[in-house]
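What follows is a set of notes on a single structure, which appears directly below.
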Amino acid sequence: ITGKSTVNVKVSAKNATKATTKKTTASTAKTNATKTSISKAKTKALISTKVSISETLKKYLASSKNCQVKNKAIQDLAKTLTSKLKSDYEKGKKLFTWVRDNIQYKKYRNTRRGAVKTLQTKKGNCVDQSHLLIALSRASGIPARYVKGGNCKFSNGYVSGHIWTQMYINKKWVVADTTSHRNTLGNIRNWNTKNYKLYGQFSSIN
């Protein structure tokens, strides 16, 4: 009887160990599953954030009727100007300076040429110069948009509506107005930027 009792005790202890092991394993599996779930949730959240940001800027990289991003001449010039540059700031500055220094300002209302014809004729008003700079910027992978303002007072005393550009560089919008050699990327000096009426920023404009 004692021997049987001893065996029974040993078996019970063995079973208890197995039960504890199973319980620990189940607990560990549950913990790992929870961690995996949390990890997947975090990853999904990060991916969602990136997609959201990308979607927000996507329209500022698109081609349009007057901003012909996919045009070969636009693509070739953008590549020629920026291929050896690494940062978006360097690329943006190069594109801005080229349009400012190579496109002659011509005064007229609205748009007449669009990006491609402005490049061909090397002439354009504020709208057409913006078409060209934005097309080159987008062709280089830099989001860019139009800004429309009213009652802009220029240095010569002239007051009118005006269109200029903003380029998305280093996670912020940088002003770019190519209509005067006095202007640089990030700085406008040919009209009073402290006193005008802002109508809005746009991905495309007619």
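The values are calculated or read from the model by the stated rules, or taken from the named source; none is laboratory data. Note that the coordinates shown come from a computational prediction; the quantities given were computed from them, not determined experimentally. Here Cβ is always computed from backbone atoms with ideal geometry, including for glycine, and neighbour counts include all displayed protein chains. Accessible surface areas use protein heavy atoms only, side chains included; no ligands, DNA or RNA. Shrake-Rupley method; radii C 1.70, N 1.55, O 1.52, S 1.80 Å.
Using a 7 Å offset from the Cα along the Cα-to-Cβ direction at both Leu57 and Lys197, what is the distance between the two label points in nm, to one decimal?
That separation, rounded to one decimal, is 3.3 nm.
Once the piece of chain linking Asn151 and Thr97 is laid out straight, how much longer is it, given 0.36 nm per residue of separation minus the C-alpha distance between them? Display every interim value, and only then the final one.
Working: separation 54, 0.36 × 54 = 19.44 nm, distance 2.59 nm.
The Asn151-Thr97 span can extend by a further 16.8 nm.
Could you rank the peptides 55-67, 120-132, 75-87, 176-188 by their average count of other C-beta atoms within 10 Å per residue, with the highest value first?
In decreasing order of mean packing, 55-67, 120-132, 75-87, 176-188 become 120-132, 176-188, 55-67, 75-87.
Report, in cubic angstrom per residue, the convex hull volume of the C-alpha atoms of region 70-121. Don't skip to the end; give the middle numbers.
Working: hull volume 5.0 nm³, N = 52.
Taking the convex hull of the Cα positions in region 70-121, it is 96 Å³ per residue.
Non-local amide H neighbours of Tyr199 (under 5 Å, H modeled in plane, Pro and chain starts lacking H): which ones?
It is Lys148, Gly149, Gly150, by chain and number.
Determine ³J(HN,Hα), in whole Hz, for all residues of region 61-72 in sequence, where each value follows from phi through the Karplus function 6.51 cos²θ - 1.76 cosθ + 1.60 and θ = phi - 60°; x replaces Gly and Pro.
Once rounded to whole Hz, the list reads 10, 7, 8, 9, 3, 9, 10, 7, 4, 8, 4, 4.
List the residues of region 103-128 whose backbone N lies under 16 Å from a point placed 7 Å from the Cα of Leu85 along the Cα-to-Cβ direction.
So the set is 103.
How large is ³J(HN,Hα) for each residue in region 153-168, as worked out from phi by the Karplus curve 6.51 cos²θ - 1.76 cosθ + 1.60 (θ = phi - 60°), to whole Hz, x for Gly and Pro?
Values per residue, Gly and Pro as x: 9, 7, 4, 7, x, 6, 10, 6, x, 7, 10, 9, 10, 10, 10, 8 Hz.
What is the set of long-range amide H partners of Val174 at a cut-off below 5 Å, with H atoms built 1.01 Å from backbone N?
Those lying under 5 Å, H to H, from Val174 are Met167, Tyr168, Ile169.
For region 110-206, what is the accessible area per residue in Å² when the probe is 1.4 Å?
Details: 4510 Å² over 97 residues.
The answer is 46 Å² per residue.
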